[in-house]
Structures are given as structure tokens and as C-alpha cells.
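Bear in mind these aren't lab numbers, they're just calculated from the coordinates by the rules spelled out. Keep in mind the model is a prediction, meaning the values are calculated, not measured. Cβ coordinates were reconstructed from backbone atoms using ideal geometry, including for glycine residues, and neighbour counts include every protein chain displayed.
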Amino acid sequence: MDPISSTTAGVVSPKTTPASAEPAAAAVQAKDVKTTAAPGTGPFAGAPAAASASDIPEVPTSAQDKAIGQDVLDRAFDTLEKLEKEFKSIDPTTPEGSKRMMEINRQLNRVDEMIRMVNEMRRSRHEANMAVIDNIA
């Protein structure tokens, strides 16, 4: 068994087992006695420091948070415009033209779905913001 010193008083090591009933009784008695730690030790040592000016975040001067998905919408509308221009210039009577028209139509549908998805995300965020406001009020 480990020798008991002032730093290990009242601490039972999981590696050691008592050899007889007397050390076990001493361990039980040691658990009941409150030990006082020296001030300035432990996880809560010292008084909490007040926040300094550098700890407080500054208010942004301009709107940093663009509307959700705005970059995606900008690219989607640019793509939509390019596809519509190309769609107008295709001759649908040729086999290659009709094939390209179907491909452009598929791409237009995908871009349209992307725009709807971003709008739904915006609507959901708006509803969540309104719910928070309602809960505060």
C-alpha cells in the first residue's frame, strides 16, 4: 500500500486494496473528514475578471450578413438568363436543335428548382425569426 503523506491524505487510490479491516476503516473515516484546499488552488481559483473593452465585440458598421442564399440566387439568375438566350437561338426543327432544347429545358428546370429551394430557405428563416420575436414579446 502507498505511504500516506500530507498530499494524499483522505485519497483512496483505485490501484490499492486494503490489506486488512483496519486500513479500510481508516479510509472511511478519512472520507468523512472535510479537507480544505489552499486558497488559490483548484478549478475555480481566483476571482473572475471583469470584461475589458477588448473583450466586448463592436457593432458592425455595415450590413455584413447578406440575405441568405443571395450569391446562389445571383448565379442562378445569370445562368437562367444565358440559357434563355441560347434557347431562343436554337432551331427546333433539326434533331440536334431539339436535343439541345430538351437539355436546356432540363437545365432551366434545375435552376428554377434551385431558386425555389433558396426562397423556401428564406421563408423558413423568416418564420423562425418571427417565432423568436413572438416568444420574446
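How far is it, in nm, from the label point at GLU113 to the one at MET101 when both lie 7 Å from their Cα along the line to the Cβ?
2.3
Please give, to one decimal in nm, the separation of the simple spin-label points placed at ASP74 and VAL132, each 7 Å out from Cα toward the Cβ.
Here the modelled spin labels are 2.4 nm apart.
Per Stokes-Einstein, at 25 °C and 0.890 mPa s, what whole-number D in µm² s⁻¹ belongs to the range 70-136, with the Kirkwood radius over Cα pairs as the hydrodynamic radius?
Estimated diffusion coefficient is 175 µm²/s.
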